[in-house]
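Structure record follows, encoded as structure tokens.
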Amino acid sequence: MYQSNQNKPVNLSKVNRPRLALTLGDPAGIGSEVILKALADLAISQNCDVTVVGSKDLLIKVYEGLNATNLANPEELKVMDVPLDRDIADNIIIGRGNAASGAASFAYMESAIACTLSGKFDGIVTGPIAKSAWKLAGYNYPGQTELLAEKSGVDRFGMLFVARSPHTGWTLRTLLATTHIPLCQVADTLTPELLTRKLDLLVECLKADFGIENGRIAIAGLNPHSGEQGQLGTEEQDWLIPWLEQERQKRPNFQLDGPIPPDTMWVKPGQAWYGNASIQNPADGYLALYHDQGLIPVKLMAFDRAVNTSIGLPFVRTSPDHGTAFDIAGQGIADATSMKAAIELAAELVCQKLRVGS
């Protein structure tokens, strides 16, 4: 179980049960399967009030097709049935992402967002979608995060990946400064202003969502060896180091380490994750400058339990850190660990916000 504050765990039984919308994601993928597996676990379903947002007929079809004992019965779940045009519903094929499955998953998201913004839910847990299927359906978004931000009317948001080690209980928190852009655009996209916005979000999140008022944040360099005094790239010398010095002056309650060479920044988190007794004082948060710089180590350590958390939104949003897995959809072999972790974390973040706001 995740802890919103590692020193003061939230007791879910003493607050209102978090109301969570749980979207199916792309109905051609493994979303339905991992949702039914996750909600069959009473340790998950008893701590929150979950409403599945999607197509009940599709849920029942998956349930009956898998014929497994470790699945929740859709007839016993709360389901918000999102109506689909007949030509869309008839063209959804398990294992094949297409325009129909993209249109369906987009409709599920729109319904969940609208209901959450109206106050019906406290947060959203999103099943995995295929960006290519969204594009085939005519929706050109880099991902679900950007749609959530647009519908919520916010321009300060970020993708934070959270995972709790099953070996030590230590929590890894990694924020991406840039997300779904080509690698060749990263250096031009990164600016002091962008990094300040991301660092603001991370500090606010550590305080509000995890109860960390005084902590350490590790910030990666961009180039190999963080530029090695300008020999391997000049971004660090030109603006990243001066920017970091200014941020240290502004944030006396947080220790800002960096810019740390990207190839060594993940050594301490790896040791903290796997239980090296000699590791001392790992950071409370890690700021990676681009997608793979942050997500390769996250997925290496925590592929089956990392949770994508959107920060900066007016509500909690989490998602399992895996894709649609069309290649194994309908086979009954999908692992629901990350979906369970996403539901658990969403419930605890809602409770933390309720406690802070009370």
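The values are calculated or read from the model by the stated rules, or taken from the named source; none is laboratory data. Since we're looking at a predicted model, the values are computed, not measured. Every residue, glycine as well, gets a Cβ built from its backbone with ideal geometry; the counts of neighbours run over all protein chains shown. Calculation scope for accessible area: heavy atoms of the full protein, side chains included, ligands and nucleic acids excluded. Shrake-Rupley method; radii C 1.70, N 1.55, O 1.52, S 1.80 Å.
Put simply, of LYS151, LYS207, LYS198 the only residue that is within 23 Å of the chain's Cα centre (by Cα) and within 16 Å of ALA288 (Cα to Cα) is LYS198. Among residues of the stretch 319-333 that are in contact (Cβ under 8 Å) with a residue 40 or more places away in the chain and in a loop (DSSP other than H, G, I, E, B), those with a Cβ under 6 angstrom from a residue that is buried (at least 19 other Cβ atoms within 10 Å of the Cβ) and hydrophobic (A, V, I, L, M, F, W, C), sequence gap 6+ or separate chain, pair up as ASP321/ALA306; THR324/ALA130; ALA325/ILE30; ALA329/ILE30; ALA329/ILE94; GLY330/ILE94; GLY332/LEU66. Look at the stretch 184-195: where a residue is on the phi < 0 side of the Ramachandran plot and a partner is open to solvent by 20 Å² or more (accessible area, probe 1.4 Å), sitting 6+ places away or on another chain with Cβ atoms under 7 Å, you get VAL186/TYR290; ALA187/LEU222; ALA187/GLU235; THR189/ILE181; LEU190/LEU222; PRO192/TRP239. Check the stretch 138-152 and report whether any residue there is farther than 25 Å from GLU344 by Cβ, crowded, with 20+ Cβ neighbours inside 10 Å, out of contact with any Pro (no Cβ under 9 Å at 6 or more places or on another chain) and free of Cβ contacts under 8 Å to residues at least 40 places away in the same chain. Looking through the stretch 138-152, none of the residues is farther than 25 Å from GLU344 by Cβ, crowded, with 20+ Cβ neighbours inside 10 Å, out of contact with any Pro (no Cβ under 9 Å at 6 or more places or on another chain) and free of Cβ contacts under 8 Å to residues at least 40 places away in the same chain.
The residues of the stretch 181-212 that are open to solvent by 50 Å² or more (accessible area, probe 1.4 Å) and either part of a helix (DSSP H, G or I) or in contact with a strand residue (DSSP E or B) (Cβ under 9 Å, 6 or more places away or on another chain) (or both), listed by number, are LEU183, CYS184, GLN185, ASP188, THR189, GLU193, ARG197, GLU204, LYS207. Of the residues ILE279, ILE241, only one is open to solvent by 10 Å² or more (accessible area, probe 1.4 Å), of a type in the set (Val, Ile, Thr) and in a helix (DSSP H, G or I); which? Exactly one of ILE279, ILE241 is open to solvent by 10 Å² or more (accessible area, probe 1.4 Å), of a type in the set (Val, Ile, Thr) and in a helix (DSSP H, G or I), namely ILE241.
Considering the conditions (1) over 15 Å from the mean Cα position of the chain (by Cα); (2) modelled with pLDDT under 95, ARG164 is excluded by exactly one of them, (1). Residue-level analysis places SER118 outside the set of residues that are at pLDDT 95 or above, out of contact with any helix residue (DSSP H, G or I) (no Cβ under 6 Å at 6 or more places or on another chain) and within 28 Å of GLY97 (Cα to Cα).
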